[in-house]
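The values are calculated or read from the model by the stated rules, or taken from the named source; none is laboratory data. Treat the numbers as computed from the prediction; the structure is a model and nothing was measured. Neighbour counts are summed over all protein chains in view; Cβ atoms, including those assigned to glycine, are modelled from backbone coordinates with ideal geometry. Calculation scope for accessible area: heavy atoms of the full protein, side chains included, ligands and nucleic acids excluded. Shrake-Rupley method; radii C 1.70, N 1.55, O 1.52, S 1.80 Å.
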There are 4 protein chains.
Amino acid sequence: MTERPLSISQIYAKGKENLKKMEVKRWFPPDSNTDASAQTNRKYLDSLFFVPKFLDPVEVDTSFTIFSVKLKTPVFCSPISRHNFMPDTELTEIARGVRDAGALMMLGIGGSKELQSAIDTGAPVVKMVKPYRRTELIYEKVRDAESRGCVAVGMDIDHFYGLLVGDKVEKTELFGPQNTDELKQLISQTKLPFIIKGVLSVSDAEKAVELGASAIVVSNHGRGAIDFTVPSMIALPRIVDSADDKLTVLVDTGFKTGNDVLKALAFGAKAVGFASSMLLAFAADGSAGVERLINLITAELQRTMAATGCPNLAAIKRSIISQAPPLG
Amino acid sequence: MTERPLSISQIYAKGKENLKKMEVKRWFPPDSNTDASAQTNRKYLDSLFFVPKFLDPVEVDTSFTIFSVKLKTPVFCSPISRHNFMPDTELTEIARGVRDAGALMMLGIGGSKELQSAIDTGAPVVKMVKPYRRTELIYEKVRDAESRGCVAVGMDIDHFYGLLVGDKVEKTELFGPQNTDELKQLISQTKLPFIIKGVLSVSDAEKAVELGASAIVVSNHGRGAIDFTVPSMIALPRIVDSADDKLTVLVDTGFKTGNDVLKALAFGAKAVGFASSMLLAFAADGSAGVERLINLITAELQRTMAATGCPNLAAIKRSIISQAPPLG
Amino acid sequence: MTERPLSISQIYAKGKENLKKMEVKRWFPPDSNTDASAQTNRKYLDSLFFVPKFLDPVEVDTSFTIFSVKLKTPVFCSPISRHNFMPDTELTEIARGVRDAGALMMLGIGGSKELQSAIDTGAPVVKMVKPYRRTELIYEKVRDAESRGCVAVGMDIDHFYGLLVGDKVEKTELFGPQNTDELKQLISQTKLPFIIKGVLSVSDAEKAVELGASAIVVSNHGRGAIDFTVPSMIALPRIVDSADDKLTVLVDTGFKTGNDVLKALAFGAKAVGFASSMLLAFAADGSAGVERLINLITAELQRTMAATGCPNLAAIKRSIISQAPPLG
Amino acid sequence: MTERPLSISQIYAKGKENLKKMEVKRWFPPDSNTDASAQTNRKYLDSLFFVPKFLDPVEVDTSFTIFSVKLKTPVFCSPISRHNFMPDTELTEIARGVRDAGALMMLGIGGSKELQSAIDTGAPVVKMVKPYRRTELIYEKVRDAESRGCVAVGMDIDHFYGLLVGDKVEKTELFGPQNTDELKQLISQTKLPFIIKGVLSVSDAEKAVELGASAIVVSNHGRGAIDFTVPSMIALPRIVDSADDKLTVLVDTGFKTGNDVLKALAFGAKAVGFASSMLLAFAADGSAGVERLINLITAELQRTMAATGCPNLAAIKRSIISQAPPLG
């Protein structure tokens, strides 16, 4: 029984396979690099170099306060949900590692029990709610987060376009675009700081200010949502220039190291999120792996802050960065 | 019996082979990348990213009217001719898939019977005529298209330079450059909208206006005609700026996805053609494959239009695109 | 018996090999790409695209007159010397192919007999003399060329820096830098047009004018002489802008196709030389291979001239070229 | 017994390995290219081409005087320490090769005995002292260098951030940031010229002037110290523009050939250091390998200086360089 191809690239692959069976040799134009957003983001990050001030060495403090919580490091675990191939305890263990490293934990889709377990580790927890079509469900999730002691709540705004399953985007009818009037009301009614995640344009950043959000996460779900949206590091500085004084700008997507974090901070982000890296750290060594990863990221951040003359996060300026010229 | 090398690259290959037999080791400068036009086109497409407006979600309508026909999607099957390795029914089945998806069908070289079969599927059909040296033949083909109910007719203007067979361009004496006075007369005498295909310069676009064409297709036959002509996506915006208000600008060559389509629409094209992709879709799953491909392309187009705040095709502006900086 | 490493790259290779034997794993910074000049030249050529004028088709004539000889095509065989792995008849056979294609033949180092054989084929022949330290030898070679009926003479000006043998530059004491006063005298005393080959800067082009040269060849011997000199296609337009009205500008190095030729003509060269390509063509099919190569190059040149609206060589302008934007 | 991952990249590798064992297939964003600084440096060097003046040939003298020593070539052995996989005599033999080639020797960490052996070869020796936390130890090392006849002393300023061991940066508590007042005092108290090594910014260059240094080395320890600091060739010209008239600017990191040296001299450096290349040359052929490498580098430098019309080091200008345009 042959399955019918489900996605654009599967159609092309299947067509080529069938032509090959017919021994047809033909040239086809190159396929789209649907991974371009992540690759360009990485290439851009890796084209940014630090201008050191070794002769002005400083003692470095990476602590900062966000949502009234003092953290040791401007690193957060981006909203993740339990991966079904991982043990039940995954999120709790990651939260434990995050807590031990003095960072911030964000949770994505999931139930109250999971949320409570994460909070019980002592980590400061943010609950990110999906853009459900049923507005009551959103209110319910937000109220649950408030009552259990989350430090903030928020919403993904790009996720209703679907989720990448294998090669195909699957749209769930559970999620949908949000009416901005209703969103404004929701934000005004919760006592917690509200975060809008998935901002990639000045337009959305300004809208987030209008809606009363306390923070935004410049974030790119990549192929899973809308392919070929602006890479988050390229979107970041313009958004910071436009909205920095009105709300807190966070960023995630594709970050891997402490130097990556410093580049984002230099471009104006207040903290940097890691999602798939947290999964890898958990897979490597459980909660200890998560803690170790954040500690290593923080140590590298600290070392390079010292080398670029930045005693604290507030002292980090765009001028510590020099971009390599484009080379053929 | 040794065959003599027929093309430039065959001469170089044969020379290297013979020197190798003589055990001569020698450095030679790199050969020309005769695929540069298609590769640069793809690289350029993949360097264009979307600036989303997730907080201004819109309902999207991708329908539009061209040649007095209302279509569901700004996608057309570029003029194709039957591939001799495919069943007789190839073009009819592709037309059926195109019809089911609500798109437009263009036919290239071929006879009246084939044309009639395609029209009989109910798909709106455009007949593209080759630049025959015998002007009467052109008139005959155009009149046949008129009488059978095509929605438009047109002509390839780049194809008389030859056709790539393997590694060698074969020139057919059937085709030749067109006298522009005669072309003007032909266009004035047909009651159907006339399309000029193969425009890659402002000069040719302005000439097309002068000749009375209703539409042009910005299109690049690649190595098959003239190698190293400007990639169509790079040629497109300048042509749109110059001729957009005087005729309808279409584009094809190397497009693969719905996001590719949106990039071309943002640069001012009114619809986007797919040729080799249609062959692959047909090879993958017959007319169902063609329909599915166009539907997937349209769904992706719709999703990204929604995410960039474009309720309909007329609302698509160049500003939804952000080009990645050149990176070494 | 171990051989001592002779060149820089051999030292690095040998050192790495020895460290590997000692099981030392160590990171070393990347080696210089000593092929950068040829690769950049090719990349630059392949980044140039043609702006077609399909609606202004023209009849094309590629003939032109140089050194009072009318040629069918602006192609010449760059000065080559007999390769010792080839039959004695190599240069004569190449000259025959060049003659049959209506092109120009240049000869490099070699004796009177070889020169006479090439002239006897009926090909128009240019004799390029090496920069011998013994000035009398230069006069002797020039007078020999005059008396046998060469159409021009000239001199390589970059070759005394050595010749690449395997990985090592070998300097011959036979050649040396030329006293420009003596060179001026030599040029004034020969009745033949004098060509200076190896010009890569405006400074040398202006000097060539001063010395009374009739033509220059913008040319890059690559690693064989001075590594990392400006690629000839990048050097060409500036030199043309400075010296075009005072002498004839020719170009060679790394050209492979008829489209390459048109790009050089568009940048202002009057003819384009092929050296290693001629060797390959000869290795592929003797004098017939050489003729066929030049004919194919000329046919491609003609086709693209027709497509870009250039009826003859004088009509070729820089505006037929569009450079692709730099893409990461 | 499983070892716990020690570094960021080890965590990612281990996580991927464990997920693979669980047969989880998942896409992860690309990892940081932690070798970007060295690669960008090389790419930048290889994008610089020479503008030859073959018609103005000159006799070349590469000698110059630094720290009151006349050298045959503007090449130095960057401060190296004995590699534990090499024989005891390593540094002495390298110094011997350096002496035979008429270059300058710099020594890094190591004892008096080693220093004396190097000086005993007759090579001019510079002692570079590490940034010890114990100031007396620094004074001791400097006085030892003075008394044994070093031609200059200096200090690494970037090395206290750690040393790359395998994949992990190990910080030694022996080294630390230097108090600039104490550094100023040290510099004023030694009678030898003082060199500050590891400068990559105008800020540090200006500080070095303030502290009374005679020379700086623009230098990048790469991943071993702070990853992603500006590549030294990219940092060089700006530093030269700012500090050239106040102290001597040297440069090292990633240089491999004589043409590389000329590019650095054209950007304003007075001499160029080689470290890993010296190790390779020693591994290839002992002190003879070192001498041969420097001689080959010098010969290439000489050849290209002749070809670009530079009779001596002072005549080398930035205008002999032409940068290739960025090409996709």
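One table, with the values for the structure above:
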item: Residue match in segment C:202-220 (condition: at pLDDT below 95 and within 13 Å of chain D (Cβ to nearest Cβ)); result: yes
item: Meets criteria (at pLDDT below 95, away from every other protein chain (no Cβ under 11 Å) and in contact with an Asp or Glu (Cβ under 6 Å, 6 or more places away or on another chain)) for A:L174; result: no
item: Test result for A:I94, in contact with a strand residue (DSSP E or B) (Cβ under 9 Å, 6 or more places away or on another chain) and at pLDDT below 95; result: no
item: Complete set of residues in segment D:105-137 that are over 14 Å from D:V153 (Cα atoms) and assigned to a strand (DSSP E or B); result: D:Y132
item: Looking only at segment C:303-314, and only at residues there that are modelled with pLDDT of 95 or more and open to solvent by 30 Å² or more (accessible area, probe 1.4 Å), the one that is nearest to the other protein chains (Cβ to nearest Cβ); result: C:P311
item: Meets criteria (touching a helix residue (DSSP H, G or I) at 6+ places or on another chain (Cβ under 6 Å) and more than 23 Å from A:G309 (Cα to Cα)) for A:D31; result: no
item: Selected residue (only one of B:T248, B:T253, B:T257 is of a type in the set (V, I, T), facing chain A (nearest Cβ under 10 Å) and over 24 Å from B:T34 (Cβ atoms)); result: B:T257
item: Residues that are aliphatic (A, V, I, L, M) and within 9 Å of another protein chain (Cβ to nearest Cβ), drawn from segment A:271-286; result: A:L279, A:L280, A:A281, A:A283, A:A284
item: Search result, residues across segment D:10-59 that are farther than 30 Å from D:Q323 by Cα and in contact with a strand residue (DSSP E or B) (Cβ under 9 Å, 6 or more places away or on another chain); result: D:Q10, D:W27
item: Those residues of segment B:124-139 which are in contact with a strand residue (DSSP E or B) (Cβ under 9 Å, 6 or more places away or on another chain) and either open to solvent by less than 10 Å² (accessible area, probe 1.4 Å) or of a type in the set (D, E, K, R) (or both), in sequence order; result: B:V125, B:V126, B:K127, B:M128, B:V129, B:K130, B:P131, B:R133, B:I138
item: Candidates D:P5, D:P29, filtered to the one that is touching a Ser or Thr at 6+ places or on another chain (Cβ under 8 Å), within 9 Å of chain A (Cβ to nearest Cβ) and of a type outside the set (D, E, K, R); result: D:P29
item: Selection within segment C:1-13 - open to solvent by 40 Å² or more (accessible area, probe 1.4 Å) and either at pLDDT 95 or above or among the hydrophobic types (A, V, I, L, M, F, W, C) (or both); result: C:M1, C:L6, C:A13
item: Scope segment A:315-328; condition in a helix (DSSP H, G or I), of a type outside the set (A, V, I, L, M) and away from chain D (no Cβ under 12 Å); matching residues; result: A:R318
item: Condition met for A:G268 (touching a helix residue (DSSP H, G or I) at 6+ places or on another chain (Cβ under 6 Å), closer than 28 Å to A:A208 by Cα and more than 14 Å from chain D (Cβ to nearest Cβ)); result: yes
item: Failed item in (1) more than 7 Å from chain B (Cβ to nearest Cβ); (2) not in a helix (DSSP H, G or I), with C:I294 passing the rest; result: (2)
item: Of residues in segment B:226-245 being of a type in the set (A, V, I, L, M) and within 14 Å of another protein chain (Cβ to nearest Cβ), the one farthest from the chain's Cα centre (by Cα); result: B:A243
item: Checking D:F85 against (1) within 14 Å of chain C (Cβ to nearest Cβ); (2) within 23 Å of C:L19 (Cβ to Cβ); (3) aromatic (F, W, Y); (4) touching a residue at least 60 places away in the same chain (Cβ under 8 Å), the condition it does not meet; result: (4)
item: Matching residues in segment A:193-204 - criterion: being farther than 25 Å from B:Q302 by Cβ and in contact with a helix residue (DSSP H, G or I) (Cβ under 6 Å, 6 or more places away or on another chain); result: A:F194
item: Candidates C:V98, C:V58, C:V69, filtered to the one that is in contact with a Cys (Cβ under 6 Å, 6 or more places away or on another chain), touching a residue at least 24 places away in the same chain (Cβ under 8 Å) and more than 7 Å from every other protein chain (Cβ to nearest Cβ); result: C:V98
item: Selection count where residues are over 27 Å from C:L301 (Cα atoms) and in contact with a Lys or Arg (Cβ under 9 Å, 6 or more places away or on another chain), scope segment B:3-22; result: 1
